[in-house]
Amino acid sequence: MADPRFFKVTGSFRLEALAEVAAAEIGAGGDPDAVFTDVAPLNTAGPQDVGFLDNSRYIDSFTRSKAGVCLVHPDHASKAPPGMALLVTEQPYHGFARVAAAFYPKPEQEAAIARSAVVDETATLGTGCRLEAGAVIGAGAEIGARCHIGANAVIGPGVLLGDDCVIGPGVSLACCIIGDRVILHAGVSIGQDGFGFALGGGGGGGHLKVPQLGRVLVEDDVEIGANATIDRGTAPDTVIGAGTKIDNLVQIAHNVQIGRNCVVVSQVGISGSTRIGDFVMMGGQAGLTGHLTIGDGARIAAQSGVMRDVEPKGAVGGSPAMPMRQWLRGIAVIERMVRKKGG
């Protein structure tokens, strides 16, 4: 059970209702009228809890679980322990996400403006917004309906924010246009200067700062993790495509364009002017040099150092990054050499 100090479970659900929510089928012998009251991990779940199995590594936990019902792929249904009801689906994790959201729906937001919030007289707020203590809304900023602005967040002059956005505490927004239903977690910084310098200029050997005159465009349904940073463009805009999910501590440089529904995992760094297609996935701590093109559906392994373009649906790993099969073969060769030397 989730800690009730932070998360409030609402109601209980019949198995039949859960099947509908999860877009799953009730397994053989399941009682449609059985009632369940919460979600829980397989190893702690009890008879009234809902669990899920999405990764075959946890088959042992599944076979020993006391969960009353479990979302499971058809291939694993036969391994269920006696007495466990099943919700069978090709996508058990997706189903569990829907079920968990049913038990723990997003709380209703009460519109309010904290006394210590500062809203410039030329800024506009949509209906139903909530501003927490210390929030600052700059001149000419436009905030859409039902937005939640966290404590000490700063929405700079002229920033546009769509409807139903959640802006976490300490977020800083400048020179950006944000779409609808965007979630920015604590400490996100968007729209600061890109790292643009004319090296060794000025006649005296110093580096000349290049004015950063672009914006950051964040499209609908993007989520950005805590303390991620996205620089505004030099002249063209930095763009984050609709539905993209960005983890904590990611750095995205000026003029980068990221497509739709990409996944960028923690501590990735993307250098300036790189273009990334749709549905690209990047593992943690991957680094991309500037001016690259990463094709639609590409996969970049964790800690890869990408210095060349990646073709659509390509998979690369290693540093410098190379095609995945080539990288894995190289690792296998090194392991054989080490074993041989050790023998």
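For the chain, the antiparallel share of DSSP beta bridges with both residues in that region comes to about 10%. Across the chain, the longest run free of exposed loop sites, meaning GluC sites (Glu not before Pro) lying outside DSSP classes H, G, I, E and B with no more than 12 other Cβ atoms within 10 Å, spans 122-343.
Percent of Cα pairs in segment 250-297 per distance bin of 10 Å, from zero to the largest separation: 32, 65, 3.
At R0 = 41 Å, how high is the FRET efficiency between residue 139 and residue 93 if r is their beta carbon distance? Nearest 0.05 is fine. Walk me through the numbers before you get to the answer.
Working: r = 44 Å, r/R0 = 1.08.
In this case the efficiency is close to 0.40.
Order of 299, 115 from fewest to most other C-beta atoms within 10 Å?
Numbers: 299 19, 115 6.
The most exposed by this proxy come first: 115, 299.
For residue 85, the shell of other residues with beta-carbons less than 14 Å away shows a net charge of -3, using +1 for Lys and Arg and -1 for Asp and Glu.
Under the √(5λ) rule applied to the eigenvalues of the Cα gyration tensor, what semi-axes describe the equivalent ellipsoid of segment 174-325? Give them in Å, descending. Can you show the working numbers first?
Numbers: eigenvalues 116, 84, 33 Å².
Rounded to whole Å, the semi-axes are 24, 20, 13.
What the pair-distance distribution of segment 143-198 shows, using all Cα-Cα distances binned every 5 Å from zero, is 6, 21, 29, 27, 8, 5, 3, 1, 0 percent. Note: segment 95-183, Cα convex hull, 91 Å³ per residue. Across all C-alpha atoms in the chain, the radius of gyration and Dmax reach 24.3, 82 Å. The relative contact order of segment 13-103 comes to 30 percent, based on Cα pairs under 8 Å that sit 6 or more residues apart.
Which value, in nm² and rounded to one decimal, describes the direction-averaged projected area of the C-alpha convex hull of segment 13-103?
Values: hull surface 18.5 nm².
Its Cα hull, projected and averaged over all orientations, spans 4.6 nm².
The Cβ shell under 15 Å around residue 220 holds other residues with a net charge of -3, Lys and Arg each +1, Asp and Glu each -1. Mean sequence separation of contacting Cα pairs (under 8 Å, at least six apart), scaled by the length of the chain, corresponds to a relative contact order of 7 percent.
Multiplying the residue separation of residue 2 and residue 54 by 0.36 nm and removing their Cα-Cα distance gives an extension gain of 16.7 nm.
With a Förster radius of 30 Å, plug the Cβ-Cβ distance of residue 326 and residue 296 into 1/(1 + (r/R0)^6) and report the FRET value to the nearest 0.05. Before the final figure, lay out the partial values.
Working: r = 21 Å, r/R0 = 0.72.
So the FRET efficiency works out to roughly 0.90.
Since every read-out is calculated from the coordinates, none of them should be taken as a lab result. Computed from a prediction, not measured in an experiment: that's the story for all the values here. Note that we place each Cβ from the backbone using ideal geometry, even for glycine, and neighbour counts take in every protein chain shown.
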